[in-house]
Amino acid sequence: MERDQNEELRALQDTLYFIGGKWRIPIINSICNGNKRFREIERSIPGITTRMLSKELKDMELNKLVKRNVYPDTPVLIEYEPTSYCRTFGKIIAEMIEWGREHRKVIIEN
C-alpha cells in the first residue's frame, strides 16, 4: 500500500501547530494533573504570564481541548477540564516525557 506523503505532511504540520506553542503541553499536563482553576494552573507552570495563560486557554477551548465551566457562585467560580478529545493526546505526552528523560541522560553522559 502506497503512503500518501502529502497527507502525512499535513498531519505532521497539524500536530506541530498544536504542540508548537511553548505553553500548550504544560497547560494540558497541568489540567490533566488536577489543576482546574486559573490560578492553580498558573502557579503550576513557572514562567507563564497571566495574559499568556488566558490567551492559550481561550485558544484551547476553541480547539476543543479544554472545557470551561462557569459556576454562578459569589464570586463566580471558573474551572477548566480536559475534553475527552484532549485526553487522546495523553499517550503522546507520556511518550514525550519518557523521550525527554532518556534524552537528558544521553546528553549528561556525553
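Readers should treat all values here as calculations from the given coordinates under stated rules, not as data from a laboratory. All values reported here derive from a predicted model rather than from experimental measurement. Glycine also receives a Cβ, built like all others from the backbone with ideal geometry; neighbour counts cover every protein chain displayed.
Just to check your reading of the model, which residue among Glu40, Glu109 is in contact with a Gly (Cβ under 9 Å, 6 or more places away or on another chain) and free of Cβ contacts under 8 Å to residues at least 12 places away in the same chain? Testing whether each residue is in contact with a Gly (Cβ under 9 Å, 6 or more places away or on another chain) and free of Cβ contacts under 8 Å to residues at least 12 places away in the same chain leaves just Glu40.
Suppose the filter is part of a helix (DSSP H, G or I), of a type in the set (D, E, K, R), surrounded by 12 or more Cβ atoms within 10 Å (Cβ to Cβ) and in contact with a Ser or Thr (Cβ under 8 Å, 6 or more places away or on another chain); does Glu61 pass it? It is false that Glu61 is part of a helix (DSSP H, G or I), of a type in the set (D, E, K, R), surrounded by 12 or more Cβ atoms within 10 Å (Cβ to Cβ) and in contact with a Ser or Thr (Cβ under 8 Å, 6 or more places away or on another chain).
Restricting Asn35, Asn29 to those that are touching a residue at least 60 places away in the same chain (Cβ under 8 Å) and of a type outside the set (A, V, I, L, M) reduces the list to Asn29.
For the subset of the stretch 72-110 comprising residues that are touching a strand residue (DSSP E or B) at 6+ places or on another chain (Cβ under 7 Å) and assigned to a loop (DSSP other than H, G, I, E, B), which member is farthest from Met60 (Cα to Cα)? Looking at the filtered set, the residue picked out is Val76.
Among the listed residues Ile25, Ile97, which satisfies the condition of being surrounded by fewer than 16 Cβ atoms within 10 Å (Cβ to Cβ), out of contact with any Pro (no Cβ under 6 Å at 6 or more places or on another chain) and not charged (D, E, K, R)?
Checking each option against the conditions leaves just Ile97.
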